[in-house]
Amino acid sequence: MEEEMHTDAKIRAETGAGSSPRGPGCSLRHFACEQNLLSRPDGSASFLQGDTSVLAGVYGPAEVKVSKEIFNKATLEVILRPKIGLPGVAEKSRERLIRNTCEAVVLGTLHPRTSITVVLQVVSDAGSLLACCLNAACMALVDAGVPMRALFCGVTCALDSDGTLVLDPTSKQEKEARAVLTFAVDNVERKLLMSSTKGLFSDAELQQCLAATQAASQHVFRFYRESLQRRYSKS
Amino acid sequence: MAEAASVAAECLAGCRARGARSVLGQVVLPGEELLLPEQEDAEGPGGAGERPLSLNAGARSRVRVICGPGLRRCGDRLLVTKCGRLRHKEPGGGGGGVYWVDSQQKRYVPVKGDHVIGIVTAKSGDIFKVDVGGSEPASLSYLSFEGATKRNRPNVQVGDLIYGQFVVANKDMEPEMVCIDSCGRANGMGVIGQDGLLFKVTLGLIRKLLAPDCEIIQEVGKLYPLEIVFGMNGRIWVKAKTIQQTLILANILEACEHMTSDQRKQIFSRLAES
């Protein structure tokens, strides 16, 4: 297993930014988050995991076309734009996964016949892209003040050929792994909201990955809390 | 599987509900559950002290607590739905008071009784459609102005600014606003006059500026003579004698959010000299 380089946590001076100190047992890459950086959307966030960076903007609750409106809850739309090229089928499937996760968590019944749009732009992709998109979407929804019943985070695991588990893999590790699993968990009871897997793995390995994800999600949620406390301490 | 067991124990420990009183003034995150004060006493460890014997032993006395923005009732606890600082206001009469979450937001959601600034976007028959920044345009009847009758129609054109309040604003219906209070008087509401500048700020800043003891408005008033209208939907209309003064005032109010009071006083003193 490759040793991750642990960098020191740096505090960014911009509004609402924060970076995480890494715990001894956790091999997540260095992550950082910045909120309220775009002026047009109602909420925006930029999430950085190692070298993977995603920018998210949330518009809502806003007007919705009559053809798309749902009479008793908000219509949630997710748009994911890759760094280069036109969005393709892979982006569409990721959009659907992120939308299903958000719909489980956002209280849409408080805003019927409105639309909540999450726009994600991939700034750089160096592995664990879906997890980074989920984290950016969650931070942007919180920044926009959309009512939610819980926070959620995404964690990616990679299993290589001799069964070693690597959390938050880089793109090189993802290519060489025999299975890559991405999970989304919520912060209330660490329940599983979404899982997306690719490759070959056994039942026991799946349980092992889930346990590792739930442990790693604590670090992510602690980082969310610190980041949000820093943002509100300035007011 | 010792790791799984320890992880499970940590998870359960993490989601134990905290008492609302102990978290006042702190940042709360969506998903947290808060216990109301009288439940805390019942469930707290060793609730010692004298308690009057109640005739029906099982029933707990219920204190009526109002759940404000950012909180929802979840069983007999409060569930936090927005991120922000938890606040509490003591009740005037009986009851448990109000709990709410102070969050920073840009998008406005219509609330009954709020005074807002809207822009007239369409005129269809007897109703004006007014854009208030929410998910739907609000409707304003032409009879909801002071002294308006079927013969004496108010002079409102598309593109005018209107200051009014909501009489109907809930999630299921289209919001309706009026420019008249319950006694039939305008009370400052109606069409906002010519010139001036309309700009948008966050909702938190508006609440801060409209707080009873806000020094910003008093200081701004000493600087230049001005007319100012605050809409709870994040819109401010300001008018001073010259365009330059109007723009300066608009910039100051927009920047107020991020400045500390010392920086603000510096800027005001610099402007007062020039």
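Read the figures in this text as sums done on the coordinates, not as results from a lab. Treat the numbers as computed from the prediction; the structure is a model and nothing was measured. Every residue, glycine as well, gets a Cβ built from its backbone with ideal geometry; the counts of neighbours run over all protein chains shown.
So here's what we get for this one:
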{"read-out": "Gap separating the Cα centres of segment B:224-265 and segment B:178-197, nearest whole Å", "value": "21 Å"}
{"read-out": "B:S141/A:E69 FRET efficiency (R0 25 Å; Cβ-Cβ; nearest 0.05)", "value": "0.50"}
{"read-out": "Nearby lysines by direct alpha-carbon distance to B:K208 (threshold 28 angstrom, same-chain neighbours under 8 apart not counted)", "value": "A:K234, B:K82, B:K89, B:K106, B:K112, B:K171, B:K200, B:K222, B:K239, B:K241, B:K265"}
{"read-out": "Ascending count of other beta-carbon atoms within 10 Å, so fewest first, for B:L78, A:L55", "value": "A:L55, B:L78"}
{"read-out": "Computed E for B:K171/A:D162 - FRET, C-beta separation, R0 45 angstrom, nearest 0.05", "value": "0.25"}
{"read-out": "Cβ-based exposure ranking for B:V132, A:V188, in which fewest neighbours within 10 Å come first", "value": "A:V188, B:V132"}
{"read-out": "Pairs of lysines in segment A:31-233 (C-alpha under 30 Å apart; 8 or more residues apart or interchain)", "value": "19"}
{"read-out": "A:R222-A:R96 pseudo-label distance in nm [points 7 Å out on the Cα-to-Cβ vector]", "value": "3.7 nm"}
{"read-out": "Which of A:T75, B:T242 has the fewest Cβ neighbours within 10 Å, and the rest in rising order", "value": "B:T242, A:T75"}
{"read-out": "MRE, 222 nm, helices only [DSSP H, n ≥ 4, -39500 (n - 2.57), over the protein assembly as shown, to nearest 500]", "value": "-8500 deg cm²/dmol"}
{"read-out": "Under 23 Å from the Cα of B:K150 - lysines, other chains or at least 8 residues apart", "value": "B:K123, B:K129"}
{"read-out": "Taking segment A:31-233 and dividing mean pair separation by its residue count, relative contact order in percent (alpha carbons under 8 Å, at least six apart)", "value": "20 percent"}
{"read-out": "DSSP H segments from chain A that extend 15 Å or more along their own axis, Cα-based, with Kyte-Doolittle mean of 1.0 or above", "value": "A:129-144"}
{"read-out": "Student exercise, the protein assembly as shown dipole from Lys, Arg, Asp, Glu Cβ charges, in Debye to nearest 20", "value": "1280 debye"}
{"read-out": "Length-normalised contact order of segment B:142-266 in % [C-alpha pairs under 8 Å, at least 6 apart]", "value": "19 percent"}
{"read-out": "Cα lying deepest toward the dipole's positive end in segment A:31-233, options A:T213, A:S202, A:V146, charges on Cβ", "value": "A:V146"}
{"read-out": "Formal net charge of residues neighbouring A:T109 (Cβ-Cβ distance under 9 Å; K, R +1; D, E -1)", "value": "+2"}
